[in-house]
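Worksheet for the structure shown next.
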Amino acid sequence: MATEHSLALCADLGATATWFCLGDQARRHPALLHRIAGAGHAIGLHGLTHRRAFEMDRGAWRASLRDGKALLEDLSGQPVVGYRAPEWSLRGVAADWWRDLPELGFRYDSSRVPLAVIGNPAAPRRPHLLTEGLWELPPPVLWSGPVRMPLWGWGPRVMPFSLVRRALETLALEDAGTPLVLHPWELDAEQPRLPGLSLGHRYTHSIGLRGYGGRLRELLDGFRLTSLEAWVDAQ
């Protein structure tokens with residue numbers, strides 16, 4: 001249901017998106033992957049499973065990327081050149097593993113965020129080349145300094161509409177190439193509650209879900225929304 005809502009939102013907005021997919025879920029639901037690719041969207045790798053990068057050793061992480069990339073390419077019939085680690089987890093012991101991505105066949109990464117706790121506040125906030133041919137595309141944040149808000153997930157669901165819209169317009173004027181992140185489950189207000197979540201995860205997962213699809217249609221109306229692959233190709 002969440003995937004159907006997301007595809008409908010993209011169609012309404014005339015958007016071409018990059019869908020970061022898990023290999024094990026694509027294997028379980030190949031028809032959904034075919035629908036996404038058939039609608040003209042690009043496929044990126046979110047991992048073979050949702051295990052965070054820094055929870056694996058480097059060899060196991062590399063193997064998971066090779067296997068996940070090959071699986072998604074086989075199922076979708078298109079090249080997979082983008083990677084986004086689960087929970088922005090190219091950090092800690094995995095902070096420099098991005099250096100392996102070109103060898104593994106990737107042209108860009110979107111795994112690190114300029115925020116505390118889940119990233120590095122000192123990291124660049126705009127797309128930048130990490131090495132020749134490999135782009136880093138960080139997700140957008142609002143404000144600078146120690147107080148920042150993510151412009152994805154729970155952030156746009158709780159912040160004033162006009163504030164979020166102005167921030168998106170600024171990004172568009174800069175042609176920022178900045179990923180506008182949406183989890184399909186955010187469009188399913190009737191989803192079951194997940195057991196065992198911490199208080200913080202329960203808040204960020206559930207706040208502001210009701211009516212969010214309509215809010216997003218208004219927030220993103222009038223923008224030209226393309227895949228990350230299209231932006232990288234244009235550089």
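Please report the projected area of region 1-63's Cα convex hull averaged over all directions, in nm².
Numbers: hull surface 19.3 nm².
Mean shadow area of the hull around the Cα atoms is 4.8 nm².
Derived scalar couplings between HN and Hα for region 15-20 equal 9, 9, 10, 9, 9, 7 Hz in order, rounded to whole Hz, by the Karplus curve 6.51 cos²θ - 1.76 cosθ + 1.60 (θ = phi - 60°), x for Gly and Pro.
Within the shell defined by Cβ-Cβ distances under 15 Å, the residues around HIS201 carry a net charge of +2, with Lys and Arg each +1 and Asp and Glu each -1. Evaluated with a Cβ-only charge set (Lys, Arg +1; Asp, Glu -1), the chain carries a dipole of roughly 600 debye about its Cα centre, given to the nearest 20.
Between HIS46, HIS34, HIS201, the residue with the greatest mean-square fluctuation in the GNM of the chain (Cα pairs under 10 Å linked by springs) is HIS201.
Relative contact order of region 40-176: 17 percent, from C-alpha pairs under 8 Å at least 6 residues apart in sequence. Amide H contacts of LEU142: MET149, LEU151, each under 5 Å away and 5 or more positions distant or on a separate chain (H built 1.01 Å from N in the peptide plane; Pro and chain starts excluded). Along the axis of the charge dipole computed for the chain (Cβ charges of +1 for Lys and Arg, -1 for Asp and Glu, origin at the Cα centre), the listed residues ALA17, LEU151, HIS205 are led at the positive end by HIS205.
Rounded to the nearest whole Hz, the Karplus-based 3J(HN,Hα) values (6.51 cos²θ - 1.76 cosθ + 1.60, θ = phi - 60°) of region 3-8 follow the sequence 5, 4, 4, 5, 4, 5, with x at glycine and proline. Per residue, the accessible area of region 1-69 comes to 48 Å², computed with a 1.4 Å probe over protein heavy atoms only. Ranking PHE161, TRP185, LEU171 by how far each Cα lies toward the positive end of the dipole of region 144-189 (charges on Cβ) leaves PHE161 at the top.
In percent, how large is the relative contact order of the chain, given Cα pairs closer than 8 Å and 6 or more residues apart? Let's see the in-between values first.
Working: 357 pairs, mean separation 47.3, N = 235.
Once normalised by length, the contact order is 20 percent.
Ordering ILE36, VAL232, ALA123 by the projection of their Cα atoms onto the charge dipole of the chain, which places +1 on the Cβ of Lys and Arg and -1 on the Cβ of Asp and Glu, puts ALA123 at the extreme positive end. If you average the C-alpha positions of region 178-235 and of region 50-88 separately, how far apart do those two centres end up, in angstrom? So the separation of the two Cα centres works out to 21 Å.
Near the amide H of SER111, within less than 5 Å, lie the amide hydrogens of ALA85, LEU137, all on another chain or at least 5 residues away, with H placed in the peptide plane. Rounded to the nearest 20, the Cβ-based charge dipole of region 1-135 about its Cα centre (Lys and Arg +1, Asp and Glu -1) stands at 200 debye. Considering the chain, its Cα convex hull presents a mean projected area of 12.4 nm².
Each Lys and Arg Cβ is given +1 and each Asp and Glu Cβ -1; about its Cα centre, region 133-235 then shows a dipole of about 540 debye. Report the rotationally averaged projected area of region 102-235 based on its alpha-carbon convex hull, in square nanometres. Across all orientations, region 102-235 yields a mean hull projection of 9.7 nm². For the chain, with a Gaussian network of springs between Cα atoms less than 10 Å apart, report the residue from GLY77, GLY214, GLY196 with the top mean-square fluctuation. Between GLY77, GLY214, GLY196, it is GLY196 that shows the largest mean-square fluctuation. Accessible area of ASP57 (1.4 Å probe, protein heavy atoms only, ligands and nucleic acids ignored): about 100 Å².
Please give me the summed charge of the neighbours of LEU168: other residues whose Cβ is under 15 Å from its Cβ, Lys and Arg +1, Asp and Glu -1. Could the numbers behind the result be given before it?
Values: positive: ARG125, ARG126, ARG157, ARG165, ARG166, ARG215, ARG217, ARG224; negative: GLU169, GLU174, ASP175, GLU218, ASP221.
Net of charged neighbours comes to +3.
Extension gain for ARG28 to GLU103 (0.36 nm times residue separation, less C-alpha to C-alpha distance): 24.2 nm.
The values are calculated or read from the model by the stated rules, or taken from the named source; none is laboratory data. As the structure is a prediction and not an experimental result, all values here were calculated from the model. Note: ideal-geometry Cβ built from the backbone for every residue, glycine included; neighbour counts use all protein chains shown. Accessible surface areas use protein heavy atoms only, side chains included; no ligands, DNA or RNA. Shrake-Rupley method; radii C 1.70, N 1.55, O 1.52, S 1.80 Å.
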